[in-house]
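Enquirer: One structure follows; several queries about it will come next.
Each value in this text was obtained by applying a stated rule to the coordinates, not by laboratory testing. Not measured: the values here are computed from a predicted model. Glycine gets a Cβ as well: all are built from the backbone with ideal geometry, and neighbour counts include every protein chain shown.
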Amino acid sequence: MNRMQSGIALFAAAPVHIRNTDVDHEYRQDSDFYYLTGFEEPGAICLLAPGNTKHEFLLFVRPRDKENEQWAGLRAGVEGVILKYGAEMAHPVDKISEILPEFLENASCLYYQLNKNAQLDQTILSLCDAIRPKYRWGIYPPSQIIDPTRILADMRVIKTSDELTVLRKAVEISCRAHSAAMKAARPGKTEYQIQAIIEYVFRSRGSSRNGYPSIVGSGPNACILHYTENRRTLADGDLLLVDAGAEFEYYTGDITRTYPVSGKFTPPQRAVYDIVLHTQKKVIDAVAPGITYNELHSLTVREITQGLIDLNVLTGSVDENIENDNYKKYFMHRTGHWLGLDVHDPGKYFNGHESRVLEPGMVLTIEPGLYFHEDCPVEDLKYIGVRIEDDILVSKSGPEILSAACPKEVHDLEAIIGMHPAPEF
């Protein structure tokens, strides 16, 4: 509310989506709505009215309903959101058309994201239309609608101490799951069995859901960036790339590890892995307040390009290959992204044309990679895919690797892989 110019703001809870026939997808609250309210139920609307003499924070929610609660679980109801969620006033959501006009009238602007909730869009537009004829009495609807997501994104990119406590827990659970997967990996197991182990650890440690679909790609599948089929059987000599993160109280970890399922890197695999690991360490060391996001990516590109030349995949100078984007065939994504309530958390990467400067409290991933398909000019490198990803907190004292407990050194990986037999499924 302090960041709003004036006026009022409206936010809608995430809708329920049908999976098939009469079965719903698992419900997850809209991240912005949760960030503002902590309220997890669907069918809710948040109204912020800074400076209002009656109430500044209102929630419109589904009322208690014994019959519906018998089928779908308890609701907080109007009384519950006042007692448990700090709302100064609450109303049944079907009363929104009766209550909202008094807040819209003579509000200088409305902070609201259009085209996200069609029903609420129509309600707001209809109410504004009904207010317009009152101009003779000096009553006007808001003169502009402003998308509030920029304000929220700017807030969310800097984590509070409470947010970091929860995020650390999400990352800790993610680390444990990756370690369990390493211990269970061996030829003959399937990608989905490794996925099951990871997600079992997530749930057993208190994570209610994944932060995103788990990527468990072996052999050539490691070269597919967002591979999620997870059906292949691990073969002797394969590298296994696992990109998985647990969500804990809505905040998510995001870790990627790559390792040989046979327990030992082949010389070509080791050569690629060493380049990616060296690059990642160098970029992480560079994370500090005052450095720009683009400087981190440029450093990654330079190190990766030099590695590709060392592997005889590229020829010529580093500068020539960067200028001609030759490296992009083997490293086609950015160095990382913001992390928080969403795995790709919102927040600007650029201010106009200038790359954003890192500040204390930001959390981002550092994830260089190399991916060699069948058209790689070096035969021994074909179908090798390596990505290493960690979660980094920017602080005044230097980068804090939140995911440091997850093994990534070659000697640690080769010592842990296949340590324990994978459970049968």
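Enquirer: Would you mind calculating the relative contact order of segment 8-153 from Cα pairs under 8 angstrom and at least 6 residues apart, reporting the percent as a whole number?
Expert: Value for segment 8-153: 21 percent.
Enquirer: Another question about this same structure. Return the calculated 222 nm mean residue ellipticity for the chain, to the nearest 500 deg cm²/dmol, obtained by summing -39500 (n - 2.57) across DSSP H runs with n ≥ 4 and dividing by the residue count.
Expert: Taking each H run of at least 4 residues, the total per residue is -10000 deg cm²/dmol.
Enquirer: In addition: Can you give the relative contact order of segment 266-425 as a percent, counting alpha carbon pairs under 8 Å and 6+ residues apart?
Expert: It comes to 25 percent, rounded to a whole number.
Enquirer: Using Cα-Cα distances under 8 Å and only pairs 6 or more residues apart, what relative contact order does segment 158-416 have, in percent?
Expert: 23 percent
Enquirer: Here is a follow-up. Just subtract the alpha-carbon distance of THR292 and ARG132 from 0.36 nm times their residue separation and send over the number in nm, one decimal.
Expert: 52.9 nm
Enquirer: Now, a different point. Under a Cβ-Cβ limit of 4.7 Å, which cysteines in the chain have nobody to pair with?
Expert: Within the chain, the cysteines lacking a partner Cβ under 4.7 Å are CYS46, CYS109, CYS128, CYS223, CYS376.
Enquirer: Rank ALA185, ALA222, ALA90 by mean-square fluctuation in a GNM of the chain with C-alpha springs under 10 angstrom and give only the top-ranked residue.
Expert: Of ALA185, ALA222, ALA90, the most mobile in the Gaussian network model is ALA90.
Enquirer: Next question. So between LYS396 and GLU354, what do we pick up on full extension, going 0.36 nm a residue minus the alpha carbon distance?
Expert: 12.9 nm
Enquirer: Under 17 Å from a point 7 Å along the Cα-to-Cβ line of GLU40: which residues of segment 232-249 have their amide N that close?
Expert: Zone members listed by number: 246-249.
Enquirer: Separation of segment 301-337 and segment 10-70 by C-alpha centroid, Å?
Expert: So the two Cα centres are separated by 47 Å.
Enquirer: Let me ask something else. Extending each Cα 7 Å along its Cβ direction at SER208 and ASP325, get the distance between those two points in nm, one decimal.
Expert: Here the answer is 4.2 nm between the modelled labels.
Enquirer: Let me spell out the model: positive unit charges on the Cβ of Lys and Arg, negative unit charges on the Cβ of Asp and Glu, origin at the Cα centre of the chain. What dipole size does that give, in debye rounded to 20?
Expert: Dipole of the chain, to the nearest 20 debye: 540 debye.
Enquirer: Given a Förster distance of 41 Å, report the FRET efficiency between SER97 and THR228 from their Cβ-Cβ distance, rounded to the nearest 0.05.
Expert: The calculated FRET efficiency here is 0.45.
Enquirer: Multiply the residue gap between HIS420 and HIS333 by 0.36 nm, knock off their C-alpha separation, and tell me the result in nm, one decimal place.
Expert: Full-extension gain reported as 27.9 nm.
Enquirer: Among residues other than GLU163 whose Cβ falls under 12 Å from its Cβ, what is the net charge (Lys/Arg +1, Asp/Glu -1)?
Expert: +1
Enquirer: Further question: Go ahead and set up a Gaussian network model of the chain, Cα springs under 10 Å, then flag whichever of ASP94, ASP162, ASP243 fluctuates most.
Expert: Between ASP94, ASP162, ASP243, it is ASP162 that shows the largest mean-square fluctuation.
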